[in-house]
Amino acid sequence: MNQKAHRGDVQPNLVKAAARQNAAQIATLVAERTALVTTQNSLTAQITAAEKEMAALDAEHATLVGQIDTVTMSLTKLESDKVTLTNAIAAANTELAILQGQRTSLVDQITPLQAQMTAAQSELAGLETQRDDAVSSLATTEADLAAAKVRFGEATAAATTAQNAVNAQVAAIGVATTELAGLVAEGDAAQALVDAAKKSLADARLALPGLETAAKTADADAAAATAAVVKAEENLRLAEQSVTTFTQQIGTIEGRLPVLKTEIAGLQGDITTKNAEIAAKQQEIAAATATPVADAAALRTQLGTLQAQLAAVNGNGTGPERRREELRAQITAMNAQIAAAEQQAATKTALITALNGDLTKLQGQLATLNSQLSAKQQESSNLQQQLPGLQTSLAAANAQVISASEALADAQAAETTADTALTDANAAVTAKKAEIAALEASLPGLTDGLEAAKAAISEKQGELKTLEDALPGLQATLTAANTAVTAESAEVTRLDGEVTRLVATLGALNTSITAAEATILALQTQLTPLQASLNTLNKQITEKEALLTTAKADLSAFDAKIVSESATLRTLESAKKVNRDAVAAQKAVVAGLQTQYAAVLDRIAAIDGTIALGGCLA
């Protein structure tokens, strides 16, 4: 309650007089208020700083709580993983013990088998030594036998040679006797041939002039016939050349016309297809042209209206500011619509331009196809007009070929007859001359042959006497060779018996070796799977031991991590307690400052009330 309300209405002059009287009091109060405001500002700064420090302590507390939760969860997981790993190590130790027991059992099975294997291999080595000795003895005996057989063969060969020499000598004597009789007969025949040759030579020389006259006549006839054939062949060649030329031209046209027909049909099909593509492209252009797009100009008009409305909004109150925000939002949306409309228009324009470009390209392709079609049709028409004339010329040329062929056949027949007559006449002359030459050439030979036959008879008689004189010496050589064969045959028989005995011994040793090898193979068959199993167990044990080593190392690592994480957790919890105490102390500081601040505010409010009453107490 102010003084006016407390005292009721007073005269204005009285109030002014009272104010003047309390001016000193008001000045004191103003000075006190100024000091209190300074204290208020100081307290405000202290409270703000204390609140910031308390906020930092709260943030630090939240961070510490998060870190403690993280470390607690990590520690819980580490302890769980340690339990799992400890259980795995125990299970691995159990499995390792089982594997080691299995390995011991396998070693107990393998050891006696290996001992048996060693004994069998020793026995086999002894048998192989005996076999080697037997093989060596057999090789020596077989070498002696081979040498004896060689000597026996040489003796047999010598005896055979001696026998063959005797036989050959006897046969040669028989042959020489027979040849002597033949030579005598040949001498008689040679005398008869000499007499006949002389008579035939005289007859041939008498007949030769008539045959030479007939050959000259036949040669003149053959030359005339050959000239006629050459002329007929040239006529036929020219006619056939015309036929070939016309046939090739007609074939070329007839081959080209179906190709042109196919090409024309293909071009017509391509034109039809191209027209369809042009029609389709025109439809696409029409569709693109008809596609509606937003009116950017109308949207810009609406945008101008909104911008004018925004410029017209006055005032700084909540209502005007909300209206401006609404208009700005509408302007932003309108700008987006205008951009979208312009993009649609640009896209439509680009599409229509591209489609028009495609249409121009298709129309150019159509013009090219039409030009190609006209050229092909003109070429086909020209070829069809040339074909009848060429066919008529071909028929005439074929008739010329038939006529020329008939003339050539007649000329060739005449030529053949003339050539045959000439050949026969020349052959007769040649044969007769050859006959004369042969008789002339053979006559000296026949005479020489007769003399040679006589000399051969005399020589053969001397040869026969020489053969008969050498026969007794050859027979003596044969007797000595047969004696040597008998002696070597006895030695071969003895050595062959020794080889038979050694082969039997070697067979028995080979049987024993086979049995020993079978024993070794049987033991190896038993040992192989056992050793394979032992190798597998050793590998499994090694792998299990390596896994245990790794697991124990991991367990030690887990223990180290748990110790480290536990230390970290204790450190964080200690920091959390310190932080909590600091927060409580800071809250007490802030509360004291706020209490002082409230007292200052109350005092300032009281001073303001007193000053408002003109220095009078309420």
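Students often forget the sequence filter, so: which lysines lie under 19 Å Cα-Cα from LYS432 once same-chain residues fewer than 8 apart are removed?
List returned: LYS198, LYS199, LYS216.
Dividing the alpha-carbon Rg of segment 527-618 by 2.2 N^0.38 Å yields what?
3.13
Pull up the cross-link candidates among the lysines for LYS587, meaning alpha carbon to alpha carbon under 18 Å and not fewer than 8 places away within one chain.
Straight-line reach from LYS587, under 18 Å: LYS52, LYS576, LYS577.
Quick check: Cα centre of segment 105-133 to Cα centre of segment 291-344, how many Å?
If you average the Cα positions of each part, the centres end up 108 Å apart.
I need the calculated FRET efficiency for the pair ARG256 and ALA214, taking r as the beta carbon distance and R₀ as 41 Å, to the nearest 0.05.
0.10
Which helices, counted as full DSSP H runs in the chain, have an axial Cα extent of no less than 20 Å and a Kyte-Doolittle average of -0.5 or above?
Going by DSSP H runs, the hits are 23-290, 296-312, 318-612.
Could I have the simple spin-label model distance between THR368 and ASN314, label points 7 Å from Cα toward Cβ, reported in nm to one decimal?
In this crude label model, THR368 to ASN314 measures out at 7.3 nm.
In the chain, carbon and sulfur make up what percent of the accessible area (probe 1.4 Å)?
Percent of accessible area from carbon and sulfur atoms in the chain: 60.
Using only the heavy atoms of the protein chains and a 1.4 Å probe, how would MET334, MET54, MET73 rank by accessible area, largest first?
In descending accessible area the options line up as MET73, MET54, MET334.
Can you give the direction-averaged projected area of the convex hull of the alpha-carbon atoms in segment 142-217, in nm²?
12.1
Determine the gain in length on full extension of the stretch GLU53-LEU547; use 0.36 nm per residue of separation and subtract their C-alpha separation, reporting nm with one decimal.
172.4 nm
Considering only the other residues whose Cβ falls under 13 Å of the Cβ of PRO209, what net charge follows from Lys and Arg at +1 and Asp and Glu at -1?
Residues close to PRO209 contribute a combined charge of +3.
Can you give me the accessible area per residue for the chain, using a 1.4 Å probe, in Å²?
Roughly 61 Å² per residue, with all protein chains present.
When a/c is below 1.5 the answer is rounded, else prolate if a/b is larger than b/c, else oblate, so apply that to segment 413-533 with a ≥ b ≥ c taken from the square roots of the Cα gyration tensor eigenvalues.
Oblate, since a/c reaches 1.5 and b/c is not below a/b.
For ASP133 and ALA532, FRET efficiency with R0 = 41 Å and r from the beta-carbon atoms, rounded to 0.05?
Calculated transfer efficiency: 0.60.
Between ARG603 and ASP410, what is 0.36 nm times their sequence separation minus the Cα-Cα distance? Round to one decimal in nm.
53.2 nm
Counting only C-alpha contacts under 8 Å and six or more residues apart, can you give the relative contact order of the chain as a whole percent?
With pairs under 8 Å counted, the relative contact order is 48 percent.
Starting from one equal scatterer on each C-alpha and no solvent at all, send me the Debye-based log10 I(q)/I(0) for segment 318-452 at q = 0.18 Å⁻¹, two decimals.
Treating every Cα as an identical point scatterer, log10 I(q)/I(0) equals -1.11.
How large is the helix-only mean residue ellipticity at 222 nm for the chain, computed as the sum of -39500 (n - 2.57) over DSSP H runs with n ≥ 4, divided by its residue count, in deg cm²/dmol to the nearest 500?
Theoretical 222 nm ellipticity from helices: -37000 deg cm²/dmol.
According to the square roots a ≥ b ≥ c of the eigenvalues of the Cα gyration tensor, what is the shape class of segment 61-179, taking rounded for a/c under 1.5, prolate for a/b larger than b/c otherwise, and oblate for the remainder?
prolate
Given 0.36 nm per residue, what is the gain on full extension from ILE402 to ALA88 after removing their alpha carbon distance, in nm?
101.9 nm
Compute the FRET efficiency between ALA298 and ILE331 as 1/(1 + (r/R0)^6), taking r as their Cβ-Cβ distance and R0 = 25 Å, and round to the nearest 0.05.
0.95
For labels at GLN386 and SER574 in the simple 7 Å Cα→Cβ model, what's the distance in nm?
Distance between label points: 11.6 nm.
Hey, for a label at GLN475 modelled as a point 7 Å past Cα toward Cβ, could you say which residues of segment 156-172 have their backbone N under 20 Å away?
Those under the cut-off are 159-172.
Checking a compactness column here: for segment 255-294, what do you get for Rg(Cα) / (2.2 N^0.38 Å), N being the number of residues?
1.97
Give the lysines whose C-alpha is closer than 19 Å to that of LYS361, dropping any in the same chain fewer than 8 places away, or say none.
LYS274, LYS281
Measuring from centroid to centroid over Cα atoms, what is the spacing of segment 449-501 and segment 417-446 in Å?
Measuring centre to centre over Cα atoms gives 55 Å.
Given just the C-alpha atoms of the chain, how large is their convex hull per residue in cubic angstrom?
558
The values are calculated or read from the model by the stated rules, or taken from the named source; none is laboratory data. These numbers come from a predicted model, not from an experiment. So basically every Cβ, Gly included, is an ideal-geometry build from the backbone, and we count neighbours across all protein chains shown. What goes into the accessible areas is simple: the full protein's heavy atoms, side chains included, and nothing from ligands, DNA or RNA. Shrake-Rupley method; radii C 1.70, N 1.55, O 1.52, S 1.80 Å.
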